[in-house]
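Have a look at the structure below, then the notes.
The values are calculated or read from the model by the stated rules, or taken from the named source; none is laboratory data. A quick note: this is a predicted structure, and the numbers were derived from the prediction, not measured. For neighbour counting, all protein chains shown are included, and Cβ atoms are generated from backbone atoms with ideal geometry for every residue, glycine included. These area figures cover heavy atoms from the full protein model, side chains too; ligands, DNA and RNA do not enter into them. Shrake-Rupley method; radii C 1.70, N 1.55, O 1.52, S 1.80 Å.
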Amino acid sequence: VFEQEVRRMLADPRSKALVDNFASEWLQLRKMRTVAPVPEWNIDWDDNLREGFERETKMFIESQLRDDRSLVDLLRANYSFVNERLARHYGMAGISGSYFRRVPVTDEARRGLLGQGSMLLVTSHPNRTSPVKRGKWILENLMGAPPPPPPPNVPPLAETKNAEKPMTMKERMEEHRRNPVCANCHRLMDPIGLALENYDAIGASRVRDQGVKIDATTELA
């Protein structure tokens, strides 16, 4: 009667706790409550967007569980849940109103968890994206293969403000990896995170960063 009992429990309204508690912990959704993107770098940011990100992912995970979807759909599902505010941020047309509804996702880059603002937000710094944090999040939360902890006294990523020539994030990461202390862990994380560079720190699509064309091409180690 195992399957019968599982279906009975999922049908109970209290099963929503599975999403609110387990999924929030697993996907680090609780971090969104304390994330504070720098306003001048993220002009489209507000608390409505923060709440929208969290609600989208929770509704998405709940639908995956209740519809008994394949694990592959976590990354490739061609639908999500948005309202007008969130749709506008994602560049989806024809959606109005504050209520969330299931919509088809035609842009392949937006499909599944990795195209959702929640994940992209919690893996960014307040003023920029972080390929390292994004790669680490995927290794830990989706692949079950966390990288080793960083060694002490790791040098910071090179800034571009005072550079003679602005560097792409890829170039900055490559420079960082030249340090043998950094190379071992970063060769695993960086390629995964760099593949998501066409999303900014709050999950909006982009092709340039600080006037420099983004290079999101990468090679897995």
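Structure notes:
- Restricting the stretch 15-49 to residues that are in a helix (DSSP H, G or I) and touching a residue at least 60 places away in the same chain (Cβ under 8 Å), the residue that is most open to solvent (accessible area, probe 1.4 Å): K31
- For R110, the criteria (1) out of contact with any strand residue (DSSP E or B) (no Cβ under 7 Å at 6 or more places or on another chain); (2) surrounded by fewer than 18 Cβ atoms within 10 Å (Cβ to Cβ) hold in every case but one, which is (2).
- The C-beta contact set for the stretch 97-118 (first residue at positive phi, second residue part of a loop (DSSP other than H, G, I, E, B) and open to solvent by less than 10 Å² (accessible area, probe 1.4 Å), distance under 8 angstrom, 6+ apart or interchain) comprises G112/A77.
- Each residue in the stretch 73-100 was checked for being assigned to a helix (DSSP H, G or I) and open to solvent by less than 50 Å² (accessible area, probe 1.4 Å), and 7 pass.
- In the stretch 187-208, the residues that are open to solvent by 40 Å² or more (accessible area, probe 1.4 Å), modelled with pLDDT of 90 or more and not in a loop (DSSP other than H, G, I, E, B): S205, R208
- Checking R69 against (1) outside any loop (DSSP other than H, G, I, E, B); (2) under 22 Å from P13 (Cα atoms); (3) open to solvent by 70 Å² or more (accessible area, probe 1.4 Å); (4) in contact with a helix residue (DSSP H, G or I) (Cβ under 8 Å, 6 or more places away or on another chain), the condition it does not meet: (1)
- Taking residues in the stretch 189-208 that are among the aromatic types (F, W, Y), and partners anywhere that are outside any loop (DSSP other than H, G, I, E, B), the pairs with Cβ atoms closer than 7 Å and at least 6 places apart or on different chains are Y199/L120; Y199/S205.
- Selection status of A145, more than 28 Å from Y90 (Cα to Cα), open to solvent by less than 80 Å² (accessible area, probe 1.4 Å), part of a loop (DSSP other than H, G, I, E, B) and at pLDDT 75 or above: yes
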